Amino acid sequence: MTEPSRTPPAPPAEVVDYDFGESVGYLLSRVKSTLSNLINQRTVTELGVTVQQASVLFLVASGKCTLAAELAREYGIDASAVTRLADRLEQRGLIERVRSSDDRRAVRLALTPEGQSIAKRMPEIFTSVSSKLMDGLSPEEVGFLKSMLRRVLANGCDAHQASHS
């Protein structure tokens, strides 16, 4: 027995009147997604790794994140996800886990020569893709955009700290 067809209810005015395409959050999300997809196309094709794997290799190579906990904080993901990511990179022979001589409980991530080779390629890929997305913007506009994005991030950090106080 089929149900009689019903006309769906009209969407609420708050939904109809909201211009999603003009939402800053939506635009930031689309830019992030586009940037990530374009970088991923390059890293998969040229380096055989995903954008997330390549970014981890870059962060480890830079010395900014050599512990799984640091990577989890940087990406805003849980430690178990970082562990799985590190496991895949280790299986591919791109990183190795090294016990810290200072704290035996801490395990540092270190790049293998192949991991170093991939990390060295990332600045060119990041720069090339970013340049493509910034095409038509003046250096001043790019600088202004970066300044505004830093302020937005700082506001997010301030809000996060306030909610945990």
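Out of all the residues in the stretch 66-82, is one or more surrounded by 14 or more Cβ atoms within 10 Å (Cβ to Cβ) and aromatic (Phe, Trp, Tyr)?
So far as the stretch 66-82 goes, yes, one or more of its residues are surrounded by 14 or more Cβ atoms within 10 Å (Cβ to Cβ) and aromatic (Phe, Trp, Tyr).
Which of the residues that make up the stretch 33-58 are closer than 18 Å to Ala72 by Cβ, surrounded by fewer than 20 Cβ atoms within 10 Å (Cβ to Cβ) and more than 11 Å from the chain's Cα centre (by Cα)? Break it down into steps so the answer makes sense when it comes.
Quick first cut of the stretch 33-58, residues closer than 18 Å to Ala72 by Cβ only: 50-58.
Right, trim to surrounded by fewer than 20 Cβ atoms within 10 Å (Cβ to Cβ) and you get 50, 52.
Within the stretch 33-58, just Thr50 meets the criteria.
Leu94 passes all but one of (1) in contact (Cβ under 8 Å) with a residue 24 or more places away in the chain; (2) within 18 Å of the chain's Cα centre (by Cα); which number fails?
Checking Leu94 against (1) in contact (Cβ under 8 Å) with a residue 24 or more places away in the chain; (2) within 18 Å of the chain's Cα centre (by Cα), the one that fails is (2).
Can you tell me which residue is nearest to Thr45 (Cα to Cα) among those in the stretch 64-122 that are touching a Leu at 6+ places or on another chain (Cβ under 9 Å) and of a type in the set (Val, Ile, Thr)?
Ile118
Consider the stretch 3-37. How many of its residues are over 27 Å from Ser128 (Cα atoms) and touching a residue at least 24 places away in the same chain (Cβ under 8 Å)?
0
Do you know which residues across the stretch 134-144 are of a type outside the set (Val, Ile, Thr) and surrounded by 13 or more Cβ atoms within 10 Å (Cβ to Cβ)?
Hits for the stretch 134-144 are Met134, Leu137.
Considering the stretch 115-145 alone, what residues qualify as being farther than 30 Å from Gly93 by Cα and either within 18 Å of the chain's Cα centre (by Cα) or not in a loop (DSSP other than H, G, I, E, B) (or both)? Steps first, answer last, please.
Start the filter on the stretch 115-145 by keeping residues that are farther than 30 Å from Gly93 by Cα, which leaves 131-145.
Passing the criteria: Ser131, Lys132, Leu133, Pro139, Glu140, Glu141, Val142, Gly143, Phe144, Leu145.
The conditions are (1) among the aliphatic types (A, V, I, L, M); (2) farther than 30 Å from Asn155 by Cβ; (3) without any contact (Cβ under 8 Å) to a residue 40 or more places away in the chain; (4) not in a helix (DSSP H, G or I), and Ile77 fails exactly one of them. Which is it?
The single condition Ile77 does not satisfy is (2).
Just so you know, all these numbers are worked out from the coordinates, no wet-lab data involved. Note that the structure is predicted; figures quoted are calculated from it, not measured. Because the Cβ atoms are built from the backbone with ideal geometry, glycine has one as well, and the counts that use them run over all protein chains shown.
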